[in-house]
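To keep things clear, I will list the structure first and then write my remarks on it.
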Amino acid sequence: MSNNPLTEFFRSPSIYLRLPSNGDFYPDGSLNMPENNELPVYPMTAIDEITYRTPDALYNGSAVINVIESCVPDIKNAWAIPGIDVDAILAAIRIASYGHEMEISTTCPKCEEAVSYGIDLRLILEQMQTIDYDTSVNVGDLEIFFKPLNYKQINDSNVVQFEEQKLINVIEDAEMSEEDKLARLSEAFNTMTKLTIDSIAHSINYIKTPETLVDNSAHIAEFLNNCERSVYTKIRDRILDIKKQTELKPLDIKCTSCEHEYKQPFTLDMSNFFG
């Protein structure tokens, strides 16, 4: 095939992104990090927009994966993206595709006036800080180090939680005996408990003992199921503290009608972020 004379008119990078993770926690081959540590981010194509509006693809996460790998081609396996990078990447793609201004809907809690409020996504990107994963937790003779969940683990967890919550709602409304309801609810509860343990296990990078280093997630999950409650609580609290550091700060809003000042929670909802 001859060279396409339209190549020079293909899309080009609109912005460059420094990852909050600094490229750490990516498996070999999943990220091509430029020498300046800034990833070029391209605007979405028409196909990307169609993909992002496909309900099934949104539900199973493939829409997000396809759009990220299209718009940030240096990311070779978007399923492997550490969770701390996902919001930054999505914000960068939105900026590259639509500009840095974004409108959100908000309702004043005092006068209940519903208005649209413009935010600058560049400021949101600036607050996405690098998280300290070098600080360990010491429990007796054990030293525990942590890592972020990757997007595959986060997405799989969200799907299971959604399905289990839907099942619980169906059970509560179903015409079955109380004994059967309790049995099904107990089964759903056990699934959610296992999900929590697995999530914590995947958030542990490795555990150092006086004799060895353990990084097998199955072994770590077994340890979490059999350690003392105080040990489990200390590990869980450290993970919750890390998660809190990654959460986006609420927006400071001043109502245009009554001038009441309040804080508006802000999240990058993948289902409508590019709508």
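Details
- Spatial extent of the chain: Rg and Dmax, with the Cα atoms as the point set, Å: 22.1, 71
- About the Cα centre, charge dipole magnitude for the stretch 137-246 (Lys/Arg +1, Asp/Glu -1 at Cβ), debye: 620
- Distant alpha-carbon pairs in the stretch 137-246 (separation over 21 angstrom), percent: 46
- In order along the stretch 222-228, the Karplus-derived 3J(HN,Hα) couplings, from 6.51 cos²θ - 1.76 cosθ + 1.60 at θ = phi - 60°, round to 5, 4, 5, 6, 10, 7, 5 Hz, and Gly and Pro are given as x.
- Cα-based Lys pair tally, the stretch 181-275, threshold under 22 Å, eight or more apart or on separate chains: 10
- Label sites at LEU167 and ARG53, each approximated as a point 7 angstrom past Cα along Cα to Cβ, lie 3.4 nm apart.
- Look at the alpha carbon pairs under 8 Å that are at least 6 residues apart: their mean separation over the length of the stretch 5-128 gives a relative contact order of 25 percent.
- The amide H of MET44, built 1.01 Å from its N in the peptide plane, has SER97 as neighbours under 5 Å, considering only residues 5 or more places off or on other chains.
- A simple spin-label model places the labels of GLU35 and LYS208 3.5 nm from each other, with each point 7 Å out along Cα-to-Cβ.
- The stretch 74-174: C-alpha gyration tensor shape, a/c 1.5 cut-off, then a/b vs b/c: oblate
- Residues CYS255, CYS111, CYS71, CYS227 arranged by fewest to most Cβ contacts within 10 Å: CYS111, CYS227, CYS255, CYS71
- For the chain, the mean residue ellipticity at 222 nm estimated from helices alone is -14000 deg cm²/dmol, where every DSSP H run of n ≥ 4 contributes -39500 (n - 2.57) and the total is divided by all residues, rounded to the nearest 500.
- Counting only Cβ charges, +1 for Lys and Arg and -1 for Asp and Glu, the dipole size of the stretch 217-256 around its Cα centre is about 160 debye.
- Taking the charge dipole of the chain about its Cα centre, with +1 at Lys and Arg Cβ atoms and -1 at Asp and Glu Cβ atoms, the residue from ALA183, LEU149, GLN127 reaching farthest to the positive side is GLN127.
- Its relative contact order, with pairs defined as Cα atoms under 8 Å and 6+ residues apart, puts the stretch 171-275 at 14 percent.
Since every read-out is calculated from the coordinates, none of them should be taken as a lab result. Computed from a predicted structure; not experimentally measured. For neighbour counting, all protein chains shown are included, and Cβ atoms are generated from backbone atoms with ideal geometry for every residue, glycine included.
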